[in-house]
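> This is the structure I have questions about; it appears just below.
No value in this document is a laboratory result; all are computed from the given coordinates. All values derive from a computational prediction rather than experimental measurement. Counting neighbours? That spans all protein chains shown, and the Cβs are built from the backbone with ideal geometry, glycine included.
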């Protein structure tokens with residue numbers, strides 16, 4: 001027999017409350033849910049039906065109800081079906097969105113270079129202060145499971161986890177429940193040692209799996225690896241005699257092509273911004289000659305600005321040119337793009 005929407009809502013409320021408290025759940029507790037809008041009497045009648053149907057149990061007379069195996073199965077199957085559809089839909093969206101963003105950033109780099117006649121670079125945004133949306137564990141091989149981790153910003157990370165012993169489907173489902181109940185909506189800072197210890201205790205002999213998943217969650221939330229840098233206008237360096245010397249030009253172009261030093265500059269600047277060092281991390285920053293973050297650019301000036309696409313999604317753009325560059329024009333160009341990038345990005349998505 002298919003459950004009505006009301007019975008489904010009450011069953012899910014019972015299971016969620018029991019997962020959080022470990023105590024039998026009564027009708028008065030369920031009636032306090034803001035979105036329930038049902039009387040305790042109505043809820044009691046529905047709970048009686050759910051008990052007759054085998055979805056919940058009453059462990060003691062006059063006590064509240066707890067989920068049965070059938071109830072858990074219904075909840076987990078429903079939850080996993082929703083998650084699988086969300087992962088599938090999100091994967092398509094993320095791929096499309098990433099392609100659009102990559103092309104947009106390349107265009108911005110070209111625009112910066114052509115508008116200023118200097119070399120330019122822009123980094124892909126990094127995600128900061130992110131929160132976990134959900135985790136999905138699934139069996140791949142006898143001793144291997146796949147953890148799909150989704151965090152805000154729709155970042156997906158897949159992690160293959162080896163287990164000491166085979167995990168059956170019921171165990172994987174219970175681990176899914178445990179992980180999602182405790183971790184959904186939390187930032188990395190909120191996943192503390194006490195919570196990890198509690199989860200490992202509840203996982204029992206599978207505590208090592210919980211530890212591996214939490215490590216993967218930390219990696220996904222940080223999401224700072226493989227920083228993409230887009231550059232343009234390197235040949236503009238040769239337009240300025242003081243930089244056109246073969247050795248000087250080659251060193252500058254090497255920095256633009258190798259991108260390792262640029263990545264360090266981006267990470268350092270964004271870290272300062274995220275730590276609240278507004279004067280050092282935000283706005284237009286100008287490095288002249290020896291102030292340059294790169295030894296190879298002591299004869300240059302480097303002007304940088306951060307941008308933000310969505311909350312917590314930040315990147316950096318820079319102009320590299322001679323010390324006699326047109327600072328006013330460079331600052332104005334960066335400021336304009338800094339303010340318009342979010343709008344440009346939204347137009348690309350439409």
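> Classify the range 5-67 as rounded, prolate or oblate, taking a ≥ b ≥ c as the square roots of the eigenvalues of its Cα gyration tensor: rounded when a/c is under 1.5, otherwise prolate if a/b is larger than b/c and oblate if not.
Verdict is rounded for the range 5-67.
> Which whole-angstrom value gives the distance between the alpha carbon centres of the range 290-331 and the range 40-64?
66
> Can you sort 66, 229, 205 by how many other beta carbons sit within 10 Å, fewest first?
Starting with the residue having the fewest Cβ neighbours, the order is 205, 66, 229.
> Right, another one. Suppose each label sits 7 Å from its Cα in the direction of the beta carbon; what would the residue 324-residue 61 distance come out to in nanometres?
Inter-label distance under the simple model: 9.9 nm.
> Report the extension gain between residue 12 and residue 247 in nm, rounded to one decimal, defined as 0.36 nm multiplied by the number of residues separating them, less their alpha carbon distance.
Stretched fully, the residue 12-residue 247 segment lengthens by 77.7 nm.
> Which part of the range 134-148 falls in the paramagnetic zone of residue 215, meaning amide N under 20 Å from the point 7 Å along Cα-to-beta-carbon?
135-148
> Evaluate E = 1/(1 + (r/R0)^6) for residue 19 and residue 308, where r is the Cβ-Cβ distance and R0 equals 45 Å; express this FRET efficiency to the nearest 0.05.
0.80
> Would you work out if the range 132-222 is rounded, prolate or oblate? Take a ≥ b ≥ c from the square roots of the eigenvalues of the alpha-carbon gyration tensor; rounded if a/c is under 1.5, else prolate when a/b is larger than b/c, oblate otherwise.
Oblate.
> Right, here's the next one. Please report the relative contact order for the range 132-222, taking Cα pairs under 8 Å with a sequence separation of at least 6, and give it as a percent rounded to a whole number.
31
> Provide the gained length on full extension for the span residue 78 to residue 267, in nm with one decimal, where the gain is 0.36 nm per separating residue minus the Cα-Cα distance.
That works out to 64.0 nm of additional length.
> Using a Förster radius of 45 Å, what is the FRET efficiency between residue 41 and residue 193 based on their Cβ-Cβ separation? Nearest 0.05, please.
Efficiency computed from Cβ-Cβ geometry: 0.50.
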